[in-house]
1. Consider only pairs whose beta carbons are under 7 Å apart and that are at least six residues apart or on different chains; among these, list those whose first residue lies in region A:29-46 and is at pLDDT 90 or above and whose second residue is basic (Lys, Arg).
2. Hey, does region A:69-77 have a residue that's within 14 Å of chain B (Cβ to nearest Cβ), free of Cβ contacts under 8 Å to residues at least 60 places away in the same chain and within 30 Å of residue B:341 (Cβ to Cβ)?
3. Tell me which residues, restricted to region A:79-116, are within 14 Å of another protein chain (Cβ to nearest Cβ), buried (at least 23 other Cβ atoms within 10 Å of the Cβ) and either part of a helix (DSSP H, G or I) or within 10 Å of the chain's Cα centre (by Cα) (or both).
4. Return yes when residue B:187 is touching a residue at least 60 places away in the same chain (Cβ under 8 Å) and charged (D, E, K, R) and no when it is not.
5. Counting just the residues of region B:314-334 that are at pLDDT 95 or above and at negative phi, which one comes out nearest to the other protein chains (Cβ to nearest Cβ)?
6. Restricting attention to region A:7-18, report how many residues are assigned to a helix (DSSP H, G or I), surrounded by 18 or more Cβ atoms within 10 Å (Cβ to Cβ) and within 10 Å of another protein chain (Cβ to nearest Cβ).
7. Considering each of B:283, B:311 in turn, give the residue that is away from every other protein chain (no Cβ under 14 Å) and under 30 Å from residue B:257 (Cβ atoms).
8. Return the residue satisfying two criteria in turn: it lies in region A:35-48 and is closer than 17 Å to residue A:82 by Cα and part of a strand (DSSP E or B), and of such residues it is nearest to the chain's Cα centre (by Cα).
Amino acid sequence: MYSAKVMDHFSNPRNVGEMPDADGIGTEGNPVCGDVMKIYIKVKDNKITDAKFQTFGCGAAIAVSSMVTEMAKGMTLDEALKITKASLAEALDGLPPQKMHCSNLGADALHKAIEDYRNKQK
Amino acid sequence: MNKIYLDYVATNPLHPEVFEAMAPYFKEHFGNPLSIYEPGMHAREAIENARECVAALINAKPKEIIFTASGAEANNFAVKGIAYANQSKGKHIIVSKIEHHSILNTARFLEKQGFAVTYLPVDKYGTVNPADVEKAIIKETILVSVIHASPEIGTIQHVEEIGRIAKQKGVIFHTDAVASVGNIPVDVQSLNADLISFAAHQFYGPKGAAALYVKEGTRIVPLIYGGIQEGGRRAGTENVPAIVGMGKAAELAKRDLRKRIEHVKALRDKLVNNALKTDKVLLTGHPDKRLPGHASFVVEYIEGEAMLLLLSAKGVYAASGSACSSKALKASPVLISIGIPAHVAQGSVVFTLGEEITDNDINYFNETFPQIISRLREISPYAKGWEGTEGSACTAQK
């Protein structure tokens, strides 16, 4: 059902945990539907220097969270805003069709974290 | 690595003796039971022997057993067949909210055909109150169908009492006993049921063989028209090996039932007692009046499919009623019916035991399960509680 890459990121998720001194936090999803992702980012000179996540959800949701934090690290904020559901799924060698929408919330949560950071800068 | 199958409610492995009994009917005795020459007669005889064994398992008469290809078919047959046979008397049917899809979806189909359906609520253990059945019966009621035991939460209903009420009111009573027959004693005489569905693969028989008990004298409209098989009530050339297997499995179940119950109940209790030691793990279904090999939980703050994947990586195979683990991406209606909030229902996990499970298996499981829970809770944003989630509704496009 899941690709080897999804299983790897699900079984050994990268960047798990809370980030008490985060510069931006984004939460997406709803536990009633099944998946909730909380993404924390650390930003320096317009670049994401660190990213962490906490996720309530299925295997796909956890793998997506792990992947999105891996991808975002080192990116500029504008680059990170270009991460999409499709590019995340591609990086994971695909997701089952029924998981594309409800579990693939990583890009949205990351974008919210960036928005949160930018709002705090104003 | 250990491999521990804890999903007996999904299906059972075939008993070796059942396999042995079936084998000759694939090759040597391949005849069509309707043929009048020797191979045909041999097949016919095998089916009738199987019918006797299957009838004996539930204390019925052989002619009250109609073989079907699945429990779902038996359920469809019972509900549609009784509805169509009795529609001149009335067009009202009563079912519970925690029926299997093969009952619920058939009831919904009949609603589109002009029947009215009452869906009875259940209490927090998933039990239908027989008094609710009594209240729901009206002049037009022709059928009450209440599941005997829930495959999802294990709860066993007061079917004897519901059957007694239906009988008193002159209403036909069907029970879906797919999860119970062969796992707990089921006796048609004490159950007061006019129709009972059950399936061979729930008691170490093959898939593709099931039965509907139809009490003598009960009129039923066939689902499948054609030849004179099954007394004209279910046409189609019989699946002889599978039916032979169901007969053998019924014979073994009748012989070994006590032993099987004792075995799985002791191990199940050990599993439950250990699982409940972990914080915020709740048993779903009735604590005592439940299937002996059945343990079902909701684990708060984490999601069922993720648990199943990590368990599977440890060689433990189980089931869940969470939205994410279902193809329909909907939380189990059974869990919602017993009052579990949708976000908590996401943490559903179901373990069902059988003959092959050993004490060592449960020791390994008891060690593994809490580790998996704490691992997923380390990832979860709710590890400290459900703050901010109460009362939210799912609006996501599925």
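1. These pairs meet every condition: A:40/A:52.
2. Yes, region A:69-77 has at least one match.
3. A:99, A:102, A:104, A:105, A:106, A:109, A:113
4. Yes.
5. Applying the filter and picking the extreme gives B:314.
6. Going through region A:7-18 one residue at a time, the tally reaches 1.
7. Only one candidate passes the filter, namely B:283.
8. A:39
The values are calculated or read from the model by the stated rules, or taken from the named source; none is laboratory data. Computed from a predicted structure; not experimentally measured. When we count neighbours, we look across all protein chains shown, and the Cβ atoms used for this are built from the backbone with ideal geometry, even at glycine.
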